[in-house]
Structures are given as structure tokens and as C-alpha cells.
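**Q** Mind looking over this structure? Questions follow.
The values are calculated or read from the model by the stated rules, or taken from the named source; none is laboratory data. All values derive from a computational prediction rather than experimental measurement. Note: ideal-geometry Cβ built from the backbone for every residue, glycine included; neighbour counts use all protein chains shown.
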Amino acid sequence: MRVLARILAIVTALALGTPAHAADTIRLTVQKTGTFSWELATIREAGLDKEANLSLEVTELASPEAGKIALRAGNADIMLSDWLWVSRERALGARLTFYPYSSALGAVMVPAASPIKTLADLKGRKLAVGGGPIDKSWLLLQARMKQDGIDLKSDATIVYGAPPLIAAKALDGEMDASLNFWNFCAQLEAKGFRRLVGIEEILPKLGAKGAVSAVGYVFDESWAASHRDAVARFIAMTRKAKQLLVTSDAAWEKIAALTGATDPAMLKTYRDRYRDGIPRRSISDEEADARVLYRVLAEIGGRDLVGPAAELDPGTFYHAVSGD
């Protein structure tokens with residue numbers, strides 16, 4: 001009778017289309033206005049979470065700092081952050097690790113008719129920076145300009161502010177140029193602004209050999225070790241979502257409302273810049289370049305940025321995925 005009962009249970013599960021094993025739960029923290037929500041919406045729309053046998057519990061938070069608190073407190077499994085923060089946390093004793101999500105970086109944007117044609121033309125101008133004094137793109141830009149003998153902090157008028165505010169002030173013409181996060185740059189681009197230079201364009205001058213993911217999925221090493229298969233399925237699932245967003249314009253129409261795009265031109269710019277930022281390099285290559293850029297950032301930003309470690313922590317990048 002027991003054998004018959006087991007057979008009936010299996011047949012019933014197959015008939016209902018449900019897996020024999022319960023889905024693994026992964027707790028995610030997502031910034032409300034972040035692009036991670038675009039990817040997650042695509043995953044659910046296409047049923048990729050069910051295909052991967054994963055149950056995604058998503059908590060929306062107002063800021064990246066709130067996500068960091070949740071992760072460190074053990075109230076979340078995965079969030080988006082950068083390898084600089086992961087390396088810093090590791091130097092302070094936390095065993096976090098990073099897997100690439102996007103290499104999309106900000107850009108220096110100017111009005112279409114601006115007389116500013118090169119980075120050198122920023123001398124004597126008013127430059128607004130989204131973030132703050134230790135924003136990574138800002139530090140990388142400073143490092144590049146110092147190679148040409150220009151100290152932007154003293155040779156230009158610098159104004160810091162929250163990225164949405166900087167974008168709004170750029171549209172109002174309150175500054176000569178702005179350096180902002182990639183999605184806010186895409187907004188300006190869709191409204192006719194000109195990209196003076198993308199931060200990714202200056203990375204080779206600073207020693208990088210290719211695109212480097214600024215943002216990645218961050219999780220605890222010990223959690224990953226005890227959920228190795230679920231992590232592998234999560235990464236494979238997100239790759240499929242990215243591939244869908246590369247190949248299907250219809251997929252973008254389905255998430256248009258989430259992007260905040262106000263017209264088709266803006267949605268197209270978001271789409272194109274997002275696609276440009278999808279990681280396509282091996283983890284080893286990304287890590288090698290991150291190590292080079294870490295030294296540049298540590299020199300410019302100091303301990304306020306990187307903490308006590310002069311080098312990128314060896315365990316910062318997560319390697320335990322087939323094919324990496």
C-alpha cells in the first residue's frame with residue numbers, strides 16, 4: 001500500500017505540473033527605483049523563476065544603505081552593490097562576495113549646444129556630480145584628468161547632490177556639465193543632451209583591459225556555500241533574463257512602466273544603455289581589471305572609500321559557477 005501511495009503522489013505531482021521538491025527560497029532586497037526591479041519583472045513575466053525552481057521573496061527598500069543593513073543583519077540573501085564595498089567589508093571581517101550584474105557606468109553630460117567639446121574644457125566650468133565626493137565615477141574621472149595635469153576639484157566648480165536632483169538641475173540649465181548614474185544620463189540623452197564622455201571610455205587609460213562591472217549581486221560566502229546549487233540556478237536565471245532583454249524589444253514594453261520612461265525615445269535609450277552594460281567577460285578578467293582600478297580608487301579616495309585594505313580582497317569575486 002505504501003508503494004502504491006508513493007506512486008499516486010508522484011503521478012498527482014506530475015499531473016499538477018508541480019516539482020517533486022519545494023522551490024528554494026531566495027530573499028532579495030531591491031531599491032525601488034533601481035534597475036534590478038526591471039530584471040526581476042522580466043524573470044517573473046517569463047516564468048524564469050519557476051523554471052529555475054526558485055521562490056523569490058523581494059523586499060523593496062528606499063536606499064542602498066537599507067539593503068546593506070538587511071544583508072549584514074541576515075534579513076536578506078542577495079542585494080546589488082559594488083565590489084569596492086564588498087572588499088571593504090571583507091577587510092573589516094565580513095565574508096561577502098560579488099558576482100557581476102552590470103558594467104553600465106555614468107557619463108559626463110552636456111547640453112547639445114554646449115561649447116564644451118573635451119574633458120579639458122571642463123576647466124573653469126560648473127560641474128555637478130551625482131552622489132558625493134567619493135562616488136566611484138567621480139574619482140575615476142579625477143584620476144584620468146590628473147594624467148593630463150588637471151585637478152578638477154580645484155580647476156572647476158564642483159556641486160554634489162542626489163542623482164535625481166542633479167538630473168533635474170541639468171535639465172534646468174543650472175550647470176555647465178553633470179556626471180551622473182547611467183540611467184539618469186540616459187534620461188538626459190533622450191532629451192537631447194550630449195555624452196561628452198562615458199566613464200567606461202576612460203578605463204583603458206587607467207589600466208583596465210575591458211568593461212568592468214561596477215555593480216553586482218552581493219551575498220554572504222557561507223550562505224552561498226550552503227546554497228551552492230540555488231545560487232547557480234539564480235545566476236543562470238538572471239543570465240536568461242538579460243538575454244531576453246537583449247533580444248526582445250517586446251520584453252521592454254512589458255517593463256516600460258517600471259523604468260519611468262516618459263516616451264518611446266527614453267525607453268529606447270534605457271534599453272540600449274542597459275544592453276551595453278550586460279557583462280560579457282570572464283570573472284577572472286573582470287577581477288583582474290577591478291584589482292587595477294581598486295588601486296587607482298584607493299589612491300584618490302583613500303581610507304574613506306576603501307577602508308584599511310590597500311588591495312582588492314582576494315575573495316571579493318565569486319567564482320563557484322560553471323563556465324567562469
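**Q** Does the stretch 239-262 contain at least one residue that is at pLDDT 95 or above, within 13 Å of Ser213 (Cβ to Cβ) and aliphatic (A, V, I, L, M)?
**A** no
**Q** Any idea which of Arg6, Arg44 is loosely packed, with under 15 Cβ neighbours inside 10 Å, outside any strand (DSSP E or B) and modelled with pLDDT of 95 or more?
**A** That would be Arg44, the only listed residue that is loosely packed, with under 15 Cβ neighbours inside 10 Å, outside any strand (DSSP E or B) and modelled with pLDDT of 95 or more.
**Q** If I go through the stretch 271-285 residue by residue, how many of them are surrounded by 15 or more Cβ atoms within 10 Å (Cβ to Cβ) and either under 14 Å from the mean Cα position of the chain (by Cα) or small (Gly, Ala, Ser) (or both)?
**A** Of the residues in that region, 6 qualify.
**Q** Tally the residues that are in a helix (DSSP H, G or I) and of a type in the set (D, E, K, R), restricting the search to the stretch 55-76. Before the answer, list the steps.
**A** Kept after step one, since they are in a helix (DSSP H, G or I), are these residues of the stretch 55-76: 64-72.
Checking the rest, the ones that are also of a type in the set (D, E, K, R) come to 65, 68, 72.
Residues in the stretch 55-76 being in a helix (DSSP H, G or I) and of a type in the set (D, E, K, R): 3 in total.
**Q** Return only the number of the condition from (1) at pLDDT 90 or above; (2) part of a helix (DSSP H, G or I) that Met79 does not satisfy.
**A** Every listed condition holds for Met79 apart from (2).
**Q** Suppose we filter Arg239, Arg271, Arg280 for residues that are assigned to a loop (DSSP other than H, G, I, E, B), under 29 Å from Leu188 (Cα atoms) and in the same structural domain as Asp82 (by TED's automatic domain parsing); which single one remains?
**A** After applying the criteria, what remains is Arg280.
**Q** Here are Ser248, Ser226, Ser222, Ser213: which of them is surrounded by 15 or more Cβ atoms within 10 Å (Cβ to Cβ) and of a type in the set (Ser, Thr, Tyr)?
**A** Exactly one of Ser248, Ser226, Ser222, Ser213 is surrounded by 15 or more Cβ atoms within 10 Å (Cβ to Cβ) and of a type in the set (Ser, Thr, Tyr), namely Ser213.
**Q** Another question, if that's okay. I'd like the full set of residues that are acidic (Asp, Glu) and farther than 10 Å from Ala107 by Cβ, limited to the stretch 163-196.
**A** If the condition is that a residue be acidic (Asp, Glu) and farther than 10 Å from Ala107 by Cβ, then Asp172, Glu174, Asp176 are the ones that fit.
**Q** Go through the stretch 158-199 residue by residue and tally those that are within 14 Å of Leu119 (Cα to Cα) and in contact with a Lys or Arg (Cβ under 7 Å, 6 or more places away or on another chain). Give the derivation first.
**A** First pass over the stretch 158-199, keeping only residues within 14 Å of Leu119 (Cα to Cα): 176-179, 194-199.
Imposing the further condition that a residue be in contact with a Lys or Arg (Cβ under 7 Å, 6 or more places away or on another chain) reduces the set to 176-177.
Here the count works out to 2.
**Q** Which one of the conditions (1) closer than 20 Å to Trp182 by Cα; (2) surrounded by 14 or more Cβ atoms within 10 Å (Cβ to Cβ); (3) of a type in the set (A, V, I, L, M) does Ala112 fail to meet, given that it meets all the rest?
**A** Evaluating Ala112 over (1) closer than 20 Å to Trp182 by Cα; (2) surrounded by 14 or more Cβ atoms within 10 Å (Cβ to Cβ); (3) of a type in the set (A, V, I, L, M) leaves (2) as the failure.
**Q** For the stretch 293-324, which positions are in a helix (DSSP H, G or I) and either more than 19 Å from the chain's Cα centre (by Cα) or over 29 Å from Ala236 (Cβ atoms) (or both)?
**A** Hits for the stretch 293-324 are Arg295, Val296, Leu297, Ala298, Glu299, Ile300, Gly301, Arg303, Asp304, Leu305, Val306.
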